[in-house]
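**Student:** Got a structure for you, written out below as structure tokens; questions coming shortly.
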Amino acid sequence: MAPQLLRQLNGERAVVLLYVVRILFSIPFGLLPEAFSLSLLSLLALCVEISVDDASNPLSFFFRTRPGASSGVLLGAVTLPGLLVSKLVQTSRAITLEEVGIEEFEYLKSQYWAASSSCVAVLIFLSLVCLRQGKSKTSICSLSSRNQICSSICVIFFVGSGLVSLCGKLYGGWAPVLISLWVLGHGWAAVTLIQKILETFPACASIGESLLVTTGLVLYFGDMMAYTTSKISYLASSNAVFIQNGINRSEISTIIQGMIFGLLLFPVFYKYVLRMGEYCVSSEKTTELGNHEKRRSLVFYALLTFVLVAVVPSWMQFVHAFHMHPLLWVIDFVLSEPLKRLTLCVYWLVIISVSVRRFYSISKNSKTERILLRKYYHLMAVAIFVPALVFQPKFLDLSFGAALAVFLLLETIRIWKIWPLGHLVHQFMNAFTDHRDSDLLVVSHFSLLLGCAIPIWLASGFTDRPLAPFAGILSLGIGDTMASMVGHKYGVLRWSKTGKKTIEGTAAGITSVLAACFVILPLLAATGYIFTMHWFSLIVAVTTSGLLEAYTAQLDNAFIPLVFYSMLCL
């Protein structure tokens, strides 16, 4: 079995396995169940990916995925669990230094099992789909009893290692049972959600990209449910709840979480309100279609205002002790240091307005390739985010949340064609799309924003790696940009016969990131940050993310920053 698997390795799979091996060799003995489960998850994901990519049994019979991309199942399945294991390794160091409590470590461990169980549940679902569609006799994951037994053993040992880890928690009574049910609930939600995503947005993402988004959303909203549950007085007084001491949220993180949750669920509410309106109002005549669209838009804006001003802030005040309306708290936070923060806002507005107008004009009148034009936005992200991250990190956290909320709102308006902005937003966004976007869903700007923001949000607690918050900015804003530009202009030696990525481009990306680190570290030292640098982790992180950028056919803005951050924390 193992030699057959090794023969199936390509560049992307080899880099992903290198990522997993690096994590496994860094895990302390206390996290042995997590290390064992991560290796089993990787093996199961590799088998499923080989089966899904088998030309004799394409999954496209069941789902329409993004054209021109491989399934990416292995990368999508191990990225987030690997990231959480890296955070566990980092948190274990923090416990030794008495920087965090054991409850936070245990809650993070539960988050890992929730994420990995979500991935395993989706992998089992994909395997069942493949069995239903029929398999080639030469497929490594064919219907042979040997392969069925191997997959079953992986799942059984995974469940066993999970029970060993979760039953060792500090909480007694029914806590292990409740935690196990909570973890299993994540798996069920992940299978349901990935089907909904692939059916609602056909040909917009690969399986691996959908899996990453699904696992992230399920984990994020599962955390939100746990946060809410911990504030219910009856449950908070019970020693059976493991979450009450493991969740610490600032006002900014609470506001971001509530706002994102509200905007993601808003289209569902809006759709049901429209359906109710259709039952109450008779069908419109053709001559009244324009008025009908305007009334529909008025309903949209009224419902949106109600959700953002009343519903979402009510949840924020329930889970956190805001002494004023959360929107007023945001205004007070910005004005608490008006000179620095308002000046930073003006600086951002100037850069964005000048850059967007310039790049939009170039996209309409120039023969500049779209891929290079999009990299200019990566450089713009560096100019915007680095000064704020060095001198105003908390304000940047809030600003990322506000930008993500604006992106979600504009994409909702574009998809639903809400008058009068829907057509204008769609026309503007089309100037910056490429083969990975579609008319149905434009994801590139989301992936760039989140790729820069998520490492910063992850590093908001304890971190002994000063460059960890810069993982997205370094890997996307500098490394990915330089790799594309140098490879496009000077690249000759290609990594593969069928790919476009060149060795020259990858070398330029790795070198530029290392050079940028030498510039950022003195800036951090100037702000009074005292640290020790771990150069081995940095070099491995830069090299691994650079190789992944060279080989992957997935949306690299989504995966590269997470891999870079994970490697840097080890």
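**Student:** So between Glu98 and Leu339, what do we pick up on full extension, going 0.36 nm a residue minus the alpha carbon distance?
**Tutor:** Length gained between Glu98 and Leu339: 83.1 nm.
**Student:** Here is a further query. How far apart, in nm, are two points set 7 Å out from the Cα along the Cα-to-Cβ line at Ala14 and at Leu327?
**Tutor:** Between Ala14 and Leu327, the simple spin-label model gives 5.5 nm.
**Student:** Lys and Arg at +1, Asp and Glu at -1: add these up for the other residues within a Cβ distance under 14 Å of Leu217 and post the number.
**Tutor:** Summing Lys/Arg as +1 and Asp/Glu as -1 gives -1.
**Student:** Something else: In terms of modelled amide H atoms, which long-range or inter-chain residues lie less than 5 Å from the amide H of Arg494?
**Tutor:** So Arg494 has HN proximity to Ile503.
**Student:** Report the net charge of residues surrounding Gly505, where surrounding means a beta-carbon distance below 12 angstrom and charges are Lys +1, Arg +1, Asp -1, Glu -1.
**Tutor:** +2
**Student:** Step through the residues of segment 264-275 one at a time and calculate ³J(HN,Hα) from phi using the Karplus curve (6.51 cos²θ - 1.76 cosθ + 1.60, θ = phi - 60°), rounding each to whole Hz and writing x for Gly and Pro.
**Tutor:** Calculated HN-Hα couplings, in order: 6, 8, 4, x, 5, 4, 4, 4, 6, 5, 5, 5 Hz.
**Student:** What's log10 of I(q)/I(0) for segment 290-333 at q = 0.24, 0.25, 0.34 Å⁻¹, Debye sum over Cα points only, no solvent?
**Tutor:** -0.79, -0.82, -1.09
All of the numbers you see were taken from the coordinates with simple rules; none came from a lab. All values reported here derive from a predicted model rather than from experimental measurement. Don't worry about glycine lacking a Cβ; one is built from the backbone with ideal geometry, like all the others, and counts go over all protein chains shown.
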